[in-house]
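The values are calculated or read from the model by the stated rules, or taken from the named source; none is laboratory data. What you are looking at is a predicted structure, and each value in this text was computed from that prediction instead of being measured. All Cβ positions, glycine included, derive from the backbone under ideal geometry; neighbour counts span all protein chains shown.
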Amino acid sequence: MPLQRLLGNYQLPSRSGAPLPGIRSPAPLPLHPRSRVACAAFGSAGSRPQPPNPPETAAPWTPGASPAAAGRPLQPPEAQPAQSLPLVPRTTADDMMVGGAASGAHVPSPSTAASPAPSSSSPQQPGDAGPGRSLPQPGNRDGGPGGSEWWLTEYTPLSTLHVAGTSVKPVDPASKGLSTFTPTRAYSQHIKADKALLASLVEPPAQYARGMGSVLDSIIKIYTVHSRPNYTLPWQNHPKRESTGTGFVIHDRLILTNAHVVADATYVLVKRHGSGTKYRADVQAVAHDCDLALLSVEDESFWSTPTSMLPLELGPVPELQQGVVVVGYPTGGDNTSVTSGVVSRVEVAQYAHAASHLMACQIDAAINPGNSGGPALQGDSVVGVAFQNLPGAENIGYIIPTPVVYHFLSEVRKYGSYQGYCSLGVLCQNLENPHLRSALGMTEGMTGVLVNTIQKTSNANKVLKPGDVLLEFDGVRIANDGTVHLRQRERIYFSYLITLKPTGATARLKVLRDGQVLPFEMTVTPNDLLVPVHCYDRLPSYYMFAGLVFLPLTQPYLHEYGEDWMNTAPRRLYDKAMHGMMQKPRQQIVILSQVLVDDVNTGYQQFQTLQVLRVAGQEVLNLAHLKSLVEGCTERYVRFELEDERIMVVDRNLASDANRRIMERYRVPSSVSADIAA
């Protein structure tokens, strides 16, 4: 199957086949991490697992137009028929866990006029929103996302929201007795997260860049040094790597780029268009599931010399066949590159950086490494952010549409850090078989998807049951194939609707249960995965006791088995990563990662990679709990119960001296990671 390529000039570990934050496949996703990321990385080049790759969109300049035409806005080429090639593997309703990191969706301004009705020739499907109805779309230059009256405050729908032709009013969760959302996700220490600076996002920029010269001045080249943790030896890092990418000014003193351009960054520099000076930059916010990040530069001369830089304006999601111009700093030169293409399709696609599924726009532009984070433009407005491509196919690239960008900026503005995409936390299947629909009591014309499994830690577990048929979400009918109407002849998976919701908002569900149609309301929030798909920007957790090294299972740990980790990693660990579901809050799968052999633990090497089930007779919840059980044990022998009925015991009287001896012999600086040391 085809792969995607990340284009930050940086080789990334594969994230294919991963369960997603709320979107999960019962079988591994058909992406396979065999090809390497096209990169212009320089420095240490040690091998590392590669992921499905994201695109760097790049596109030739408007035919006949001179880039030197001062003051002339960037114009896309005339639309050409786009070749429709297979996108990233599609996530259908019968093989996905609905929600988090699904499709980025747009919430229109209440002031925006109702969407025009499609032509009478537009096909109407059973699950459509209705004749002349479509899901919310970005507004136009007069009242939509491009306008200053829209900006971020209205991305969180605080007033009436028009969805699929119906009037949907936001609900205060507390007024309905529903659970409310409390932000819990924080950044690692090296991400600066200046709250005062990020709070400025509440107000739109006073002025936007206009004209080619001003737009190009706002596009930045980014130089990054990365140091990725070693999950096999969690107290060490892999050799450093260096890469380049692109960014652009999105707000006063803030630069938007891709998260994979600055993932695991130890040092970041930026350079203006036409400048020979590099400036130190800080990462202010990052969202790995939607592959976006914000940077800032303290040096005032960066923003004012030789001219002041103005933010680029965000526009609507482009229509099919519309032309776009992509600007960036790809490999092969140090100057700005301008290329062009047309929009081939808009749908939910897999984001290779974190294996999430969100809305993406496919374009037929030539892809070059280094474009990651560069703007895709229509006129002077940004309609997307270049981020990945499809290796093995010519001129197939992807851009992150503006609704996803707005969601990221809105979260950062509201909470001071990115919290994630909302998720239902349910595993569904489609209902295209008429006999199955009849057996479930569905009447003629009734459509929906069947709820198979519900994550016990999700809010959906309080209102839904396995066997329910989900008919509507927020008043929008769901088709039997799990799609909803997007625009005139376009459909998109209903996970798109879930990401319409701001974190902590209330969703309205209509469910068929035991022959009765029942309405429900629930608070939608991000849901954690039992086995995290990514762990960027933070060091691995570990605990060593008498040379036994314990870790929580994560996909980055499995990536240490190489590029073909889906086949070379231990099968039982792979199955847990793909199919495991969280049963309790803060639950982790704790494994015996390795045994640093010593007299105190000899003979236990064969138990490496097995899950630790109990310590001293008590079930292990997570790594911190294991540490407390070990240190709180008063018996002479600490007993560990593993999978396959395996048993280990360690003499407490010998463990302390053995730990010091092993740490010196194997050059381990600490027996426990800083995050659980307390």
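Pro401 fulfils the conditions (1) under 18 Å from the mean Cα position of the chain (by Cα); (2) surrounded by fewer than 24 Cβ atoms within 10 Å (Cβ to Cβ); (3) modelled with pLDDT of 90 or more except for a single criterion, (2). Among the residues of the stretch 533-572, which ones are in a loop (DSSP other than H, G, I, E, B), closer than 22 Å to Tyr351 by Cβ and hydroxyl-bearing (Ser, Thr, Tyr)? Selection gives Tyr536, Thr554.
A residue that is of a type in the set (Gly, Ala, Ser), under 29 Å from Asp537 (Cβ atoms) and touching a residue at least 12 places away in the same chain (Cβ under 8 Å) occurs nowhere in the stretch 602-623.
Filtering the stretch 628-662 to residues that are in a helix (DSSP H, G or I) and free of Cβ contacts under 8 Å to residues at least 60 places away in the same chain leaves Ser628, Leu629, Glu631, Gly632, Asp644, Glu645, Arg652, Asn653, Ser656, Asp657, Arg660.
The lone criterion from (1) in contact with a helix residue (DSSP H, G or I) (Cβ under 7 Å, 6 or more places away or on another chain); (2) surrounded by 19 or more Cβ atoms within 10 Å (Cβ to Cβ); (3) more than 19 Å from Val620 (Cβ to Cβ) left unmet by Glu521 is number (2). When the stretch 321-336 is filtered for residues that are in a strand (DSSP E or B) and surrounded by fewer than 23 Cβ atoms within 10 Å (Cβ to Cβ), only Gly323 remains.
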